[in-house]
1. Can you tell me how much longer the chain between ASN97 and SER2 gets when fully stretched, taken as 0.36 nm per residue apart minus their C-alpha distance, in nm with one decimal?
2. Could you calculate the FRET efficiency of VAL335 with GLU226 from 1/(1 + (r/R0)^6), where r is the beta carbon distance between them and R0 is 56 Å, rounded to 0.05?
3. Check cross-link reach from LYS146 to the aspartates and glutamates: straight Cα distance under 16 Å, and skip same-chain residues fewer than eight apart.
4. Normalised by the residues of the chain, what does the relative contact order come to in percent, with Cα pairs under 8 Å and at least six apart?
5. In the chain, what percentage of the DSSP-assigned beta bridges are antiparallel, given to the nearest 5?
6. For region 5-59, max minus min Cα coordinate along each principal axis, in Å, sorted largest first?
7. Is region 277-336 best put as rounded, prolate or oblate by its Cα gyration tensor, with a ≥ b ≥ c the root eigenvalues, rounded for a/c under 1.5, and otherwise prolate when a/b is larger than b/c, oblate when not?
8. For the chain, what does -39500 (n - 2.57) per DSSP helix run (n ≥ 4), summed and divided by total residues, give at 222 nm, in deg cm²/dmol to the nearest 500?
Amino acid sequence: MSTPKILILGAGYGGLMTTLHLQKKLNYNEAEITLVNKHNYHYITTWLHEPAAGTAPADHARVPLDQIIDMNKINFVKDTVQSIQPEERTVTLDSGNVLSYDYLVIGLGSDPETFGIEGLKEYAFSIRSINAVRQIREHIEYMFAKYKNEPHRTDYLTFVVGGAGFTGIEFSGELADRIPELCREFDVDPSLVKIYNIEAAPTALPGFDPELVSYAVDILQKKGVEFMIGTAIKQCTPEGVVLANGEEIKSATVVWAAGVRGNSVVEKSGFEVMRGRVKVDEYLRAPGYENVFIVGDCALIFNDEGRPYPPTAQIAVQEGEALGDNLAALVRGEVMMPFKPALQGSLASLGKGEGIGMVGTKKLFGTSAALMKKASDLRYLYKIGGVGLALKKVRL
């Protein structure tokens with residue numbers, strides 16, 4: 001029998017962990033493993049709000065793949081996936097190359113979920129990649145510089161963050177921390193700077209513990225963030241945003257952080273999706289395909305109450321680990337094990353030294369939550385790159 005080909009699309013949390021587990025489990029001659037990713041690095045999505053605000057360098061969130069992957073065991077292809085042909089068992093790349101597979105792992109990440117709001121794609125920024133957050137940071141700094149030349153344009157100093165989920169809250173906290181530094185650098189009166197966090201749901205951090213939500217909102221309000229909860233954005237324009245009640249906020253910087261959907265390539269390739277995500281079985285397989293597995297933002301998994309698990313980094317890591325083990329079992333003719341997420345809690349930063357978290361039934365506030373988040377980050381870095389990477393990347 002020929003050596004089975006395992007093709008992994010995407011080096012996000014799910015795809016990377018699948019690759020690393022296969023690398024560890026399988027010998028050189030047991031399978032031909034190919035990883036396709038548009039960049040030659042993995043980036044830590046849960047850190048992107050920091051370089052977006054300018055409180056950390058963009059490279060801090062980036063990990064070169066050749067530092068964590070054994071390139072003797074894994075064929076790495078730097079390219080972008082154009083389409084998947086599951087019936088033919090092939091994948092077409094932007095370069096025109098066509099790769100075949102016996103087993104396919106789709107970990108292509110997400111696209112922003114705009115909910116059909118007019119103008120968002122055209123006029124709003126999104127915290128979704130290293131290059132995107134570099135652009136946000138440079139734009140924010142440029143707005144301060146422009147204001148000095150056009151002091152009547154207060155919209156240059158008005159920042160709208162769409163969404164009060166984890167990303168929106170974390171970015172708002174980092175931005176609020178950065179503003180005093182920018183005001184000193186560009187000699188701008190801090191009272192002129194406005195940060196609006198706008199959320200359509202009736203609460204910030206929907207679904208999170210109310211006491212923790214109240215603490216987070218209070219901390220961010222003290223830092224200068226103005227919340228507009230239960231308020232929907234109807235339209236995004238070159239001048240700012242129009243709210244559902246008709247009110248307009250003039251802003252030269254709108255950052256959209258109100259949710260994601262699965263990568264559009266998945267739906268375009270003919271898979272049945274809900275908001276771009278595929279409802280997978282207990283082995284993370286796509287319906288109708290025994291050899292196609294989906295992890296991360298493209299996978300839809302339901303809990304025992306019939307509600308979907310949120311597409312978090314924590315679950316994507318667990319999916320990758322489980323799938324790596326199961327693919328190794330398949331290659332060896334062994335039995336696969338069903339996947340069930342083991343939720344270990346949720347943590348969010350609120351800027352320097354501040355955070356909230358829920359670990360088991362324990363609520364964490366302030367410094368203890370911030371330290372726990374650092375510990376969680378260190379654990380992940382250790383998983384993918386050992387002590388060396390953890391020590392290199394840790395920021396105290």
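The values are calculated or read from the model by the stated rules, or taken from the named source; none is laboratory data. Values in this document were obtained by computation on a predicted structure and should not be read as measured data. Neighbour counts run over all protein chains shown; Cβ positions are idealised from the backbone, glycine included. Accessible surface is based on the protein model in full, side chains and every heavy atom, while ligands, DNA and RNA are left aside. Shrake-Rupley method; radii C 1.70, N 1.55, O 1.52, S 1.80 Å.
1. Value of the extension gain: 32.0 nm.
2. With R0 = 56 Å, the Cβ-Cβ based efficiency is 0.50.
3. GLU138, ASP155, GLU185, ASP187, ASP189, GLU239
4. On the way: 813 pairs, mean separation 74.0, N = 396.
So the answer I get is 19 percent.
5. Numbers: 31 of 67 bridges.
Here the share of antiparallel DSSP bridges comes out near 45 percent.
6. 46, 19, 15 Å, listed from the longest principal axis down.
7. Numbers: a/c = 2.04, a/b = 1.58, b/c = 1.29.
Taking the square roots of the gyration eigenvalues as a ≥ b ≥ c, region 277-336 is prolate.
8. On the way: 9 runs with 128 residues, N = 396.
Calculated from helices alone, the mean residue ellipticity at 222 nm is -10500 deg cm²/dmol.
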